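Taken together, the values in this text are just the output of simple stated rules run on the coordinates, not laboratory data. What you see is a predicted model; the values in this text were computed from it and never measured. Note that we place each Cβ from the backbone using ideal geometry, even for glycine, and neighbour counts take in every protein chain shown.
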Ligand SMILES: [Zn+2]
Ligand SMILES: [Zn+2]
Ligand SMILES: [Zn+2]
Ligand SMILES: [Zn+2]
Ligand SMILES: [Zn+2]
Ligand SMILES: [Zn+2]
Ligand SMILES: [Zn+2]
Ligand SMILES: [Zn+2]
Ligand SMILES: [Zn+2]
């Protein structure tokens with residue numbers, strides 16, 4: 001039922017590239033799909049030579065199912081394809097990354113990524129916070145969103161009563177004055193030669209306060225990354241868009 | 001020669017957690033090590049039950065070597081350990097993420113991650129830009145750093161002559177006035193109700209200009225993420241630091 005077929009690749013370069021991959025005894029490598037904007041690991045499957053070739057031709061993340069013994073393109077049933085912008089090989093060429101943009105949630109459960117089960121959460125060492133494998137910036141975004149939710153739902157527990165983030169979320173005038181102040185402090189760290197540590201710290205201040213404003217506006221950081229990618233990835237990625245076939 | 005031993009875990013919760021993992025016919029799962037601050041996929045190996053248990057006890061990413069048929073802790077020879085803050089399972093519990101902070105470069109080649117080979121680069125569809133599997137924000141950082149290098153080394157080719165980034169890198173006064181201006185525009189997008197798209201776009205402006213200033217100061221974005229994590233991950237991660245054993 002898949003509309004994606006493994007087209008034979010004609011270029012010798014692609015064939016030569018596939019020849020460098022160290023397939024295991026079953027002709028497979030581990031293939032990890034990663035979100036180019038958020039860095040989230042979306043899912044992991046296996047790929048044979050056909051699956052990698054198909055991914056390169058179609059720009060859609062394609063895997064080999066060990067249980068069904070066939071190729072499958074992520075999204076062929078759900079329509080949530082993963083649009084692959086580049087394929088990366090590890091140092092010994094037995095593991096690959098499909099770096100791309102998902103059309104929708106990757107997991108069949110509806111979750112953005114398949115990795116939503118945290119050992120720390122299960123073992124009870126997470127008091128609050130996200131259960132997904134979020135990296136720092138997105139973990140911070142999640143914390144801010146939770147504070148916003150607590151305000152909206154007026155759920156206040158002993159562990160979430162006072163919070164600078166909540167104060168900012170509820171006072172746009174204060175928030176905006178802080179953003180302008182922190183931007184000024186960031187600039188002064190350079191103008192007044194206050195050193196690298198001060199610059200790092202002031203950048204963190206600007207980023208945090210600006211992220212609170214994003215939450216106020218119900219904008220996801222992911223949207224901003226998409227804009228930055230469209231503007232600044234003139235190098236490989238834009239170039240690739242104009243190619244007829246292959247990466 | 002490893003100082004890390006597989007300590008038997010006593011808690012029934014950990015044993016119960018390990019029981020939920022779907023080990024393959026060789027008793028293994030795919031284990032992916034990811035940098036919590038940058039989102040970079042550092043390396044991928046395999047883990048058996050002992051390896052996952054050891055990782056949870058020692059907080060050091062530990063794998064099972066299929067070729068040598070033994071446990072090994074990343075860093076046991078190089079001292080570049082990966083300090084694991086949480087372990088995530090995918091939806092069908094046959095693939096895991098070790099989310100953590102590396103002590104140094106992960107790859108034996110000295111590269112930050114093992115995934116430094118880009119198919120697009122090899123196939124000649126990357127004109128410039130990074131060869132590593134960088135996500136949007138770090139790709140942008142890399143582009144800015146390259147512009148800075150071009151200025152320092154006075155290497156100007158046809159493709160890199162004019163550039164707003166270079167103008168900003170060479171004129172701190174202009175850069176700082178832009179940062180203050182963009183922060184003001186970001187705030188006005190809320191104050192004057194200009195809508196979500198405007199907020200996203202102005203946030204992107206602030207972030208980009210502030211990142212140019214980071215490059216001027218030779219500060220890596222990763223440093224800022226480290227600061228943010230220390231400040232804001234009060235939830236799971238801080239809590240875990242205080243635990244004597246296990247995640
Ligand atoms: Zn490998
Ligand atoms: Zn899933
Ligand atoms: Zn699934
Ligand atoms: Zn301040
Ligand atoms: Zn400040
Ligand atoms: Zn799985
Ligand atoms: Zn390596
Ligand atoms: Zn402007
Ligand atoms: Zn602007």
Handout entry: Extent along principal axes [Cα atoms of region B:127-216; Å; largest to smallest]
Key = 44, 32, 22
Practice task
Give me the distance in nm between label points sitting 7 Å out from Cα along the Cα-to-Cβ direction at residue B:18 and residue A:16, one decimal.
Solution key: 4.8
Exercise for the section: Quote to one decimal, in nm, the extra length available between residue B:197 and residue B:230 on full extension: 0.36 nm per residue of separation minus the C-alpha distance between them. Expected result: 8.8 nm
Practice task
Using the 7 Å Cα-to-Cβ label point, sort the distances from residue B:70 to its equivalents in the other copies shortest first and give them in nm to one decimal.
Solution key: 4.5
Handout entry: Label spacing, shortest first and in nm, from residue A:191 to its equivalents in the remaining copies (7 angstrom along Cα→Cβ)
Key = 1.8
Handout entry: Cβ nearest the rotation axis (A onto B), residue from chain A and distance to the nearest whole Å
Key = A:39, 1
Fill in the blank from the handout: Rounded to a whole number, the mean other protein chain Cβ count within 10 angstrom for residues of A:78-91 is 5
Problem - Degrees, to the nearest 10: A:136-152 long Cα axis against longest axis of chain A - result: 50
Completion exercise
To the nearest 0.05, the calculated FRET efficiency linking residue B:173 and residue B:94 through their beta-carbon distance, R0 being 35 Å, is 0.05
Fill in the blank from the handout: In degrees, nearest 10, the alpha-carbon axis of helix A:221-232 is tilted away from the dominant principal axis of the alpha carbons of chain A by 60
Problem - Helix-derived mean residue ellipticity, 222 nm - over chain B, DSSP H n ≥ 4, -39500 (n - 2.57), to 500 - result: -13000 deg cm²/dmol
Exercise for the section: Calculate, axis by axis, the spread of Cα positions in chain A along the three principal axes, and write the results as whole Å, longest axis first. Expected result: 60, 44, 30
Handout entry: Across the identical copies, how the residue A:19 labels are spaced - nm, sorted shortest first, 7 Å along Cα→Cβ
Key = 5.2
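Per-residue Cβ counts within 10 Å, from other chains only, averaged over A:102-111: what number is that?
1
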Completion exercise
Computed over chain A: longest principal axis from alpha-carbon atoms vs helix A:49-58 long axis, angle to nearest 10 degrees, is 60
Problem - Taking region A:35-179 and dividing mean pair separation by its residue count, relative contact order in percent (alpha carbons under 8 Å, at least six apart) - result: 16
Practice task
Starting from the Cα of residue A:149, step 7 Å toward the Cβ, then list every residue of region B:80-101 with an amide N under 11 Å from that point.
Solution key: none
Completion exercise
Working note, the protein assembly as shown: Cα radius of gyration (Å, one decimal) and Dmax (Å, whole number) are 22.9, 65
Practice task
Quick one: order A:71, A:99 by neighbouring beta-carbon count within 10 Å, fewest to most.
Solution key: A:71, A:99
Practice task
Return the average number of partner chain Cβ atoms within 10 angstrom of each residue Cβ along peptide B:57-65.
Solution key: 0
Practice task
Arrange B:30, B:206, A:101 by Cβ neighbour counts within 10 Å, fewest through most, would you?
Solution key: A:101, B:30, B:206
Completion exercise
The rounded separation in angstrom of the Cα centers of region A:189-225 and region B:94-122 is 27
Practice task
Specify the residue with the greatest mean-square fluctuation among A:182, A:150, A:13, computed from a Gaussian network of chain A linking alpha-carbon atoms under 10 Å apart.
Solution key: A:13
Exercise for the section: May I ask you to sort B:67, A:58, A:79 by Cβ crowding, counting other Cβ atoms within 10 Å and putting the fewest first? Expected result: B:67, A:79, A:58
Completion exercise
Along principal axes, largest first, the alpha-carbon spread of region B:1-100 in whole Å comes out as 32, 31, 28
